[in-house]
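Peer 1: There's a structure below that I have some questions on.
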Amino acid sequence: MDLSPEYARALDADDELARFRDEFVVADPELIYMDGNSLGRLPKRTVARLREVVEQEWGQRLIRSWGEGWFTAPQRIGGKIAQLIGARPEEVLVSDSTSVNFYKLVHAALRANPNRRVIVTDDLNFPSDLYLLQGIAQALNCELRIVHSKDGLTVSPEELAQAVDANTALLTLSHVEFKSGQLHDMRAVTELAHRAGAWMLWDLSHSAGAVPMALNDCNVELAVGCTYKYLNGGPGAPAFLYVRADLQEKLRSPIWGWFGQSNQFEMEPKYRPAPSLTRFLAGTPTMLSLAAVEPGVELLLEAGMKRLRAKSVRQTEYLIALWEALLQPLGVTLNSPRDPAQRGSHVSLGHPEGLRIDRALIEEMHVIPDFRFPDNIRFGLAPIYTTYVEIYEAMMRMRHVIEERLYEKYPTERPAVT
């Protein structure tokens, strides 16, 4: 591996997706942003779109805008996200938060399979999902079966298969695990659920927009995902949900809201679920944040998921090669799978002083990764705007922090936000 900065610049010069970086706001060219797996950069088109929504649609058209594109925005934007995740346009809807959507789908799946009382997940799943599963299992008197990772980083299909049986209603996992970046084999895991007669629910929050997938081809029943990470929809942007077409009329959302009501503007006092996926809407869509999602999704569609994934693999491989040469000798471990086929678009590096190293990177080195306990420094590479020079510089600066022990000036106490 060529460890020179010239090599990194050459990789950027040869990057067919390089032009997309100019589509994003880069307010500080000196800042190395490595947290695209937590919050994506701001697309310039989003600035223009929000100005249009605020000044023209809200400011001038006022309530008339509901009939001029607002009312159908959850379905329209969902249809565009569907192209990124291998689904039909009518199978994806943008609404609420990931947690609320996850609650809706888990609850609906259990109600649809009343003779099965077991939910299976793993202990690497995102904590919010685990909390929701605990609450739902308690409320519906179900058993929650949690598969424990042996290494704290990965769980194999074989380990999952041992927990799924004839009593299992639902297997639910994060497609890409949030700490290690492990990428599950969607087809293999979904098939093992189906062999036991169980349904599959994927959380796509750490994979949508970075990893190509084929929900339809894998015959997945249900999925959820956020839009503020690789989809670059903005902080707190509404999430999306997917329900396979043949199940939509069979399932009912546990949250009965007027946007999910059939013939909504008849204002009937009795609830009747709307046909199709619309029944999973609840309250009035948050139009300003919803409008902010669309430009980022359109940029990903322009770039193409195959090209984005190919660049992501090249970039994570490059980062790992730099780790091996520069950081492994300093006691830094690789906490992500080495095989790119089993890895999403973020790489976790471990060190006993990981929290303080992370703080030194942010506060002194002008590098922004993030940290997940106990020792994971996560580098979230967003292939649509991350450069090879940024990866090179981030690893060089991390080496400097460790060699010069710059982290020692920082406290060991956990900050409120990491």
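Just so you know, all these numbers are worked out from the coordinates, no wet-lab data involved. Everything numeric in this text was worked out from a predicted model, so none of it was measured. Counting neighbours? That spans all protein chains shown, and the Cβs are built from the backbone with ideal geometry, glycine included.
Peer 1: DSSP loop (so not H, G, I, E, B), at most 13 other Cβ within 10 Å: list which GluC sites (Glu not before Pro) in region 243-349 pass both filters.
Peer 2: Details: sites: 249, 266, 298, 302, 317, 324; in loops: 249.
Those that pass, being in a loop and sparsely packed, are 249.
Peer 1: Which loop-located trypsin sites (Lys or Arg not before Pro) does region 142-224 contain, where loop means any DSSP state but H, G, I, E or B and the Cβ has at most 12 other Cβ atoms within 10 Å?
Peer 2: Numbers: sites: 145, 150, 179, 187, 195; in loops: 150, 179.
Answer by residue number: 150.
Peer 1: Could you state the angle between the C-alpha long axis of helix 354-363 and the longest principal axis of the C-alpha atoms of the chain, as a value from 0 to 90 degrees rounded to the nearest 10?
Peer 2: Taking the Cα atoms of the chain, the angle to 354-363 is about 80 degrees.
Peer 1: Continuing with this model, one more query. Hey, could you pull the Cα Rg and Dmax for the chain, both in Å?
Peer 2: Cα only, the chain: 22.0, 69 Å (Rg, Dmax).
Peer 1: If you average the alpha carbon positions of region 265-324 and of region 197-211, how far apart do those two centres end up, in angstrom?
Peer 2: 12 Å
Peer 1: By DSSP, what percent of the beta bridges with both residues in the chain are antiparallel, rounded to the nearest 5?
Peer 2: Bridges in the chain that DSSP calls antiparallel: roughly 50 percent.
Peer 1: What ranking, highest mean first, results for peptides 342-351, 358-367 when packing means the other Cβ atoms within 10 Å averaged over each residue? Display every interim value, and only then the final one.
Peer 2: On the way: 342-351: 25.2, 358-367: 19.7.
Per-residue Cβ counts within 10 Å, averaged per peptide and sorted highest first, yield 342-351, 358-367.
Peer 1: Now a separate question. Would you list 148, 184, 400 from fewest to most Cβ contacts within 10 Å? Intermediate values should be presented prior to the final figure.
Peer 2: Details: 148 11, 184 24, 400 15.
Final ranking by Cβ density, sparse to dense: 148, 400, 184.
Peer 1: How far, in degrees from 0 to 90, does helix 287-303 lean away from the longest principal axis of the Cα atoms of the chain, to the nearest 10?
Peer 2: Long axis of 287-303 versus the principal axis of the chain: about 60 degrees.
Peer 1: Give the calculated FRET efficiency between residue 404 and residue 2 to the nearest 0.05, with a Förster radius of 22 Å applied to their Cβ-Cβ distance.
Peer 2: Details: r = 25 Å, r/R0 = 1.12.
Result of the calculation: an efficiency of 0.35.
Peer 1: Using only the alpha-carbon atoms, how far is helix 388-403 inclined from the longest principal axis of the chain? Give it as 0 to 90 degrees, nearest 10.
Peer 2: Once rounded, one gets 60 degrees.
Peer 1: Here's something else I'd like to know. Among 214, 82, 223, which one shows the highest mean-square fluctuation when the chain is modelled as a Gaussian network with alpha-carbon springs under 10 Å?
Peer 2: 214
Peer 1: Then there's this: Based only on other Cβ atoms within 10 Å, what is the fewest-to-most ordering of 131, 33, 388? Let's see the in-between values first.
Peer 2: On the way: 131 11, 33 21, 388 24.
Ascending Cβ contact count within 10 Å gives the list 131, 33, 388.
Peer 1: Is there a pair in 80/104; 80/311; 44/179; 104/311 whose C-alpha atoms are over 25 Å apart, and which pairs would that be? Don't jump to the answer; show the numbers that get you there.
Peer 2: Values: 80/104 22 Å; 80/311 22 Å; 44/179 30 Å; 104/311 35 Å.
Beyond 25 Å: 44/179; 104/311.
Peer 1: Grab the beta carbon distance between residue 16 and residue 255, set R0 = 41 Å, and tell me the FRET efficiency rounded to 0.05. Kindly include the intermediate steps, with their values, before the conclusion.
Peer 2: On the way: r = 44 Å, r/R0 = 1.07.
Once rounded, the FRET efficiency stands at 0.40.
Peer 1: Right, next: Quick one: grab Rg to one decimal and Dmax as a whole number for region 1-115, Cα atoms only, in Å.
Peer 2: For region 1-115, the Cα-based Rg and Dmax read 20.6, 62 Å.
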